[in-house]
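First comes the structure, then the notes that go with it.
The values are calculated or read from the model by the stated rules, or taken from the named source; none is laboratory data. Bear in mind that the values here come from a model prediction, so they are computed numbers and not experimental data. Neighbour counts are summed over all protein chains in view; Cβ atoms, including those assigned to glycine, are modelled from backbone coordinates with ideal geometry.
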Amino acid sequence: MAISKASINTSAPAIERYQGLSAIIDNVLNEIDPGGSNADKRRWIKWHFLYIIWWEGIRATARQQLGGGPARGLMQMEPATLWDLISHYLLGHTDRLSNLAGAAGVNFDEMGSKLSEFVDINKTWNSDRQVWVGKNTWPSGSNPVEHWLSNVDSFALLIMRYYFRQFLEHRFPPQNPANLSDDPQKPVYKAEHSDGWADWWKRVFYGGPNETPGEQRQRLRREFEVRAGELDLVADGSGGTEPDPGTGNGGGIDDDRGGAGCFIATATFGVESREVRLLRRFRDRRLLPSASGRLLTRIYYRTSPPLARLLRRSPRLRGLSRRMIQGMIRWLKLD
């Protein structure tokens, strides 16, 4: 089955974004990793890709990096990384170029010529290494490669698959091959997904004024796992009626626009509710500044998703949760 051109609607509800992504990833993996013997492998790769995209692409709502950065696509790939992949792994391989042409909806000759042109005009000489490398900026003017990565999700997902494939697959969870037949969505594997993202996709952490690169890595891994848990809740609501966990930013749990991490309140009231906004503000201003508050928040993140899933399925429990949360808001004087 050939890879066909497809994209999701980034403005659609979360359940539709998830379903659209799942279909595109399945199409890509069934072509690149076919056969019954690869079924478990495809399942793990699929969920690893979904978790990365749900984090990097702001819950699959953004194809361009916030703040004007150069990363493009729902998975946020930079031009220098793409240049290296094209020049060393894609050009000269008929089957790979043919798959990319189908994924982008163009003919084989156009795909080959545009990728070659991109490599030629977007290179710079690295005098230290004595090699040509890719610039981490996009060429000026009309640029089909940037357009495909930014707007055609089937092309971008195939590029993502080839990026990992060039490393002979050792960069995918599970870390223990004996677990390959297990469910990649299990909470016990969230750390493996976040570790794989940190080591093989994000790769570099610069730290900040109040944290070392190592501390930043650990913080973002925890927040990646929270976002992955949100996607699990979306996937569980396959009937399409679940509250949307929101469209925040890839920076983590202190998002002012989404219900990031507020699992129970989001399941009870919906992401844009007044209650979710009040509780999120309480978390950010009262809990996160202190060590004990951060510990309490982490415990909540790890224990609340199962209860949130139960609330989604039970109107009676949602009513009870609604009364309890509203009472807690009054008691804490948050309104």
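Per-residue answers, yes or no, for (1) of a type outside the set (A, V, I, L, M, F, W, C); (2) surrounded by 17 or more Cβ atoms within 10 Å (Cβ to Cβ); (3) assigned to a helix (DSSP H, G or I):
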| residue | (1), (2), (3) |
| --- | --- |
| SER4 | yes, no, no |
| ILE8 | no, yes, no |
| ILE25 | no, yes, yes |
| LYS41 | yes, no, yes |
| TRP44 | no, yes, yes |
| TRP55 | no, yes, yes |
| ALA60 | no, yes, no |
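Here is a yes/no grid of residues against (1) closer than 30 Å to ASN136 by Cα; (2) among the hydroxyl-bearing types (Ser, Thr, Tyr); (3) assigned by TED's automatic domain parsing to the domain that holds ASN176:
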{"site": "SER22", "(1), (2), (3)": "yes, yes, yes"}
{"site": "ILE25", "(1), (2), (3)": "yes, no, yes"}
{"site": "ALA39", "(1), (2), (3)": "no, no, yes"}
{"site": "ARG42", "(1), (2), (3)": "no, no, yes"}
{"site": "HIS48", "(1), (2), (3)": "yes, no, yes"}
{"site": "TRP54", "(1), (2), (3)": "yes, no, yes"}
{"site": "ALA71", "(1), (2), (3)": "yes, no, yes"}
query = With (1) more than 20 Å from the chain's Cα centre (by Cα); (2) within 27 Å of VAL133 (Cα to Cα); (3) not hydrophobic (A, V, I, L, M, F, W, C) as the list, and ASP40 as the residue in question, which single condition is left unmet?
reply = (2)
request  = Of all residues in region 296-305, count the ones that are at pLDDT below 80 and not β-branched (Val, Ile, Thr).
outcome  = 4
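Condition first: over 23 Å from the mean Cα position of the chain (by Cα), touching a residue at least 24 places away in the same chain (Cβ under 8 Å) and more than 22 Å from ASP33 (Cβ to Cβ). Can you find one or more residues in region 149-166 that meet it? Lay out the reasoning, then the answer.
Our first condition is that a residue be over 23 Å from the mean Cα position of the chain (by Cα); within region 149-166, this holds for none.
The answer is no, given that none of the residues of region 149-166 is over 23 Å from the mean Cα position of the chain (by Cα), touching a residue at least 24 places away in the same chain (Cβ under 8 Å) and more than 22 Å from ASP33 (Cβ to Cβ).
Do you know which of the residues in region 187-200 that are touching a helix residue (DSSP H, G or I) at 6+ places or on another chain (Cβ under 6 Å) and crowded, with 19+ Cβ neighbours inside 10 Å is farthest from MET77 (Cα to Cα)? Can you show your working first?
First pass over region 187-200, keeping only residues touching a helix residue (DSSP H, G or I) at 6+ places or on another chain (Cβ under 6 Å): 190, 193-194, 197-198.
Now narrow it down to the ones that are crowded, with 19+ Cβ neighbours inside 10 Å: 190, 193-194, 197.
On the way: LYS190: 22, HIS193: 18, SER194: 17, TRP197: 13 Å.
Checking each candidate, the answer is LYS190.
Considering each of TRP55, TRP83, TRP47 in turn, give the residue that is out of contact with any helix residue (DSSP H, G or I) (no Cβ under 7 Å at 6 or more places or on another chain) and touching a residue at least 40 places away in the same chain (Cβ under 8 Å). Full working, then the answer.
Details: TRP55 fails: out of contact with any helix residue (DSSP H, G or I) (no Cβ under 7 Å at 6 or more places or on another chain); TRP83 fails: out of contact with any helix residue (DSSP H, G or I) (no Cβ under 7 Å at 6 or more places or on another chain).
None of the other options fit; the residue is TRP47.
Could you list all residues from region 111-121 that are among the charged types (D, E, K, R) and surrounded by 14 or more Cβ atoms within 10 Å (Cβ to Cβ)? Before you say what the answer is, go through the steps one by one.
Step one: filter region 111-121 for residues among the charged types (D, E, K, R), giving 114, 117, 120.
Once the filter is applied, which keeps residues that are among the charged types (D, E, K, R) and surrounded by 14 or more Cβ atoms within 10 Å (Cβ to Cβ), region 111-121 yields LYS114, GLU117.
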request  = Sort through ARG161, ARG203, ARG171, ARG129 and tell me the only one that's basic (Lys, Arg) and at positive phi.
outcome  = ARG203
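Can you report the number of residues in region 286-298 which are among the basic types (Lys, Arg) and closer than 17 Å to TRP331 by Cβ? If you could, list the steps in order and put the result at the bottom.
Initial filter on region 286-298 (among the basic types (Lys, Arg)): 286, 294, 298.
Right, trim to closer than 17 Å to TRP331 by Cβ and you get 286.
Qualifying residue count for the region: 1.
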ask   = Counting only residues that are over 18 Å from SER321 (Cα atoms), surrounded by fewer than 23 Cβ atoms within 10 Å (Cβ to Cβ) and modelled with pLDDT under 80, how many does region 253-284 have?
value = 6
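Condition check ((1) under 22 Å from ALA14 (Cβ atoms); (2) assigned to a helix (DSSP H, G or I); (3) among the aromatic types (Phe, Trp, Tyr); (4) in contact with a strand residue (DSSP E or B) (Cβ under 9 Å, 6 or more places away or on another chain)) across all residues:
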site: THR266; (1), (2), (3), (4): yes, yes, no, no
site: PHE282; (1), (2), (3), (4): no, yes, yes, no
site: ILE299; (1), (2), (3), (4): no, yes, no, no
site: ALA308; (1), (2), (3), (4): yes, yes, no, no
site: LEU320; (1), (2), (3), (4): no, yes, no, no
site: MET328; (1), (2), (3), (4): no, yes, no, no
query = How many of the residues making up region 199-238 are assigned by TED's automatic domain parsing to the domain that holds LEU310 and aromatic (Phe, Trp, Tyr)?
reply = 1
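Look at region 208-231 and say how many of its residues are among the polar types (S, T, N, Q) and either in a helix (DSSP H, G or I) or buried (at least 16 other Cβ atoms within 10 Å of the Cβ) (or both). Steps first, answer last, please.
Within region 208-231, the first condition is being among the polar types (S, T, N, Q), and the residues that meet it are 210, 212, 216, 218.
Within this subset, residues satisfying the condition of being either in a helix (DSSP H, G or I) or buried (at least 16 other Cβ atoms within 10 Å of the Cβ) (or both) are 216, 218.
Total meeting the criteria: 2.
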